[in-house]
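For reference, the structure discussed in these notes is given below.
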Amino acid sequence: MAIAVSVDALIVGGGIAGLWTLARLKQAGYKAVLLEADSLGAGQTRFAQGIIHGGTKYALTGKITASSEAVADMPALWRNCFEGKGVLDLSKATLLSDAHYLWSTSSLTSRVSGFFASKVMRARTNELDKTERPELFRHADFKGQIYALDEPVFDAMSVVRAIAEPLMDSIVAIKGNTVKYDNDVLSLQSQDDQDYEFSFEKIVLTAGQGNEALLSALGLQQPEMQLRPLKMVMLRGGLSDMVFAHCMGGSVNPRITITSNRDQHGAVVWYLGGQLAEEGVERSDAEQIEQAKAELAELIPWLDQSKCQWATLDIDRAEVKKPGTKRPDTFFIEQRGKVITAWPTKMALSPLMAEHVLEMINNEKIPCVEETGLPVWPGPDFAYLPWNEETRWSM
Ligand SMILES: Cc1cc2nc3c(=O)[nH]c(=O)nc-3n(C[C@H](O)[C@H](O)[C@H](O)COP(=O)(O)OP(=O)(O)OC[C@H]3O[C@@H](n4cnc5c(N)ncnc54)[C@H](O)[C@@H]3O)c2cc1C
């Protein structure tokens, strides 16, 4: 027999957006439950480079854009959470680097010097002399400029764990293909085959790429979604430095964005994104690896690549649809009746997105259901970071 559960808010999707929203709604006293069809973080979140952008990347043209305005407060907000004084407690998360860096090679400097000298950049960055640079850029062969950006970098899955672990009694592992909506009730099966019938005042769709199918199950065709693919590159073996830096290539997108982490054996892994990953979707895996090797050889010629093992990784970013598949300027939320659809656009913007969801629900003054306790249900696992999946390294 199906177990009937009545909640104020049902959240679907346990990536960074859904989890942050769950935490904020519960703090505000709502009876909220989150449904996850795979493992927590399994969508885009575990693939994120973890950079909490402060907008500098988007100001690369020298102009403040809507994107750079929206994200400007995010580094301070996330840092406060990490220090245990913010809206959520992220003190158990892993801060990989307190700053992200921006460098130009000597050959690029002339092309981008106007940008480096611009007022926008002077207000947001801090040029480093040799003693202040990260180890990799203290090498005698480094001839460019390097700036520190006020952009902390987090291990994305450690953030997922820090938020989810105290809330596991409100998170259900479900079978995604069993979800049906009829007569205002969402029926589904949990991963241990128990049937549930959820009634709710609001349903918040934070399922990333899964939002499209959920909207359709709820009888909605809007808002429309877009996918923007990336072909990321990972390398490990013989790397000693943890690097967190964008290389400026004279366009809006950094030519390459490097973040680092350690794999389960403690080895340093570099994770490469930026223009390399955007343009790499046109390349085969082998071509993309050759391109990454060539880029690193040109941009960091003193790096010894001889012991490196390489892998590529194809992943789509799911966002609200924009004309010409352009990147949305900021997060997206929209309400149609009981359904709130949300895409954070960036992990960094999830707190802001969640605040708007909370405000939307507060404004509705929904009649809160009586807190009757929740059934004991199976909780989902946590997803793996991609470099800890050994099969990816088989090339
Ligand atoms: C390669 C890459 C690098 C990135 N780097 C950064 C960065 O450095 N900084 C930054 O700010 N942002 C970054 N981003 C963007 C960021 O990762 C995303 O904006 C963010 O993770 C989206 O989170 P989400 O919770 O909306 O979606 P997701 O993380 O995709 O989570 C959706 C969840 O919903 C679940 N789900 C799907 N369908 C259903 C269903 N029917 N029922 C139940 N559950 C369902 C999925 O299993 C998944 O767990 C990056 C993205 C990519 C791809």
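Out of the residues in region 353-371 meeting the condition of being in a helix (DSSP H, G or I) and touching an Asp or Glu at 6+ places or on another chain (Cβ under 8 Å), tell me which one is surrounded by the most Cβ atoms within 10 Å (Cβ to Cβ). Give the derivation first.
Of the residues in region 353-371, the ones in a helix (DSSP H, G or I) are 353-364.
Adding the requirement that they be touching an Asp or Glu at 6+ places or on another chain (Cβ under 8 Å) leaves 361, 364.
Working: Ile361: 23, Glu364: 13.
Within region 353-371, the match that is surrounded by the most Cβ atoms within 10 Å (Cβ to Cβ) is Ile361.
For Met242, the requirement of being within 18 Å of Arg46 (Cα to Cα), out of contact with any His (no Cβ under 7 Å at 6 or more places or on another chain) and aliphatic (A, V, I, L, M) is not met. Summed over region 1-21, residues that are crowded, with 24+ Cβ neighbours inside 10 Å, among the hydrophobic types (A, V, I, L, M, F, W, C) and either at positive phi or within 11 Å of the ligand (Cβ to nearest atom) (or both) total 6.
Considering only residues that are of a type outside the set (D, E, K, R), within 16 Å of the ligand (Cβ to nearest atom) and assigned to a loop (DSSP other than H, G, I, E, B), which ones fall in region 126-179?
Narrowing region 126-179 to residues of a type outside the set (D, E, K, R): 126, 128, 131, 134, 136-137, 139-140, 142, 144-149, 152-154, 156-160, 162-164, 166-168, 170-174, 176-179.
This time we only want the ones that are within 16 Å of the ligand (Cβ to nearest atom), so: 149, 152-154, 156-160, 162-164, 167-168, 170-174, 176-179.
Across region 126-179, the qualifying residues are Pro152, Val179.
Candidates in region 110-166 are the residues that are aromatic (Phe, Trp, Tyr) and modelled with pLDDT of 75 or more; of these, the one that is farthest from Asp98 (Cα to Cα) is Phe142. Counting residues in region 48-58 that are at pLDDT 95 or above, closer than 27 Å to Leu205 by Cα and touching a Pro at 6+ places or on another chain (Cβ under 7 Å) gives one or more.
Among the listed residues Ala140, Ala207, which satisfies the condition of being crowded, with 19+ Cβ neighbours inside 10 Å and among the small types (Gly, Ala, Ser)? Show your work before the answer.
Numbers: Ala140 fails: crowded, with 19+ Cβ neighbours inside 10 Å.
Exactly one of Ala140, Ala207 is crowded, with 19+ Cβ neighbours inside 10 Å and among the small types (Gly, Ala, Ser), namely Ala207.
Whenever a residue of region 30-49 is within 6 Å of the ligand (Cβ to nearest atom), its partners that are of a type in the set (S, T, N, Q), lying with C-beta atoms within less than 6 angstrom and at least six residues away or across chains, give the pairs Gln49/Thr259.
Does region 269-289 include one or more residues that are of a type in the set (A, V, I, L, M, F, W, C), modelled with pLDDT of 95 or more, touching a Lys or Arg at 6+ places or on another chain (Cβ under 6 Å) and under 19 Å from Phe154 (Cβ atoms)? Working first, answer last.
If we filter region 269-289 for residues that are of a type in the set (A, V, I, L, M, F, W, C), which is where we start, we get 269-270, 272, 276-277, 281, 286, 289.
Now narrow it down to the ones that are modelled with pLDDT of 95 or more: 269-270, 272, 276-277, 281, 286, 289.
Next cut, touching a Lys or Arg at 6+ places or on another chain (Cβ under 6 Å) only: 269, 277, 281.
From what is left, the residues that are under 19 Å from Phe154 (Cβ atoms) are 269.
Within region 269-289 (the criterion being of a type in the set (A, V, I, L, M, F, W, C), modelled with pLDDT of 95 or more, touching a Lys or Arg at 6+ places or on another chain (Cβ under 6 Å) and under 19 Å from Phe154 (Cβ atoms)), the answer is yes, since at least one residue qualifies.
Do the conditions hold for Leu188, that is, is it more than 17 Å from Pro380 (Cβ to Cβ), surrounded by 13 or more Cβ atoms within 10 Å (Cβ to Cβ), within 14 Å of the ligand (Cβ to nearest atom) and touching a residue at least 24 places away in the same chain (Cβ under 8 Å)? Explain how you work it out, then say what you get.
On the way: more than 17 Å from Pro380 (Cβ to Cβ): no; surrounded by 13 or more Cβ atoms within 10 Å (Cβ to Cβ): yes; within 14 Å of the ligand (Cβ to nearest atom): yes; touching a residue at least 24 places away in the same chain (Cβ under 8 Å): yes.
Judged against the criteria, Leu188 is not a match.
Do we find that Gly219 is out of contact with any strand residue (DSSP E or B) (no Cβ under 8 Å at 6 or more places or on another chain) and surrounded by fewer than 22 Cβ atoms within 10 Å (Cβ to Cβ) in this structure? First the steps, then the outcome.
Working: out of contact with any strand residue (DSSP E or B) (no Cβ under 8 Å at 6 or more places or on another chain): no; surrounded by fewer than 22 Cβ atoms within 10 Å (Cβ to Cβ): yes.
The answer is no for Gly219.
The values are calculated or read from the model by the stated rules, or taken from the named source; none is laboratory data. Treat the numbers as computed from the prediction; the structure is a model and nothing was measured. Heads up, the Cβs are rebuilt from the backbone with ideal geometry, glycines too, and the neighbour counts pull from every protein chain shown.
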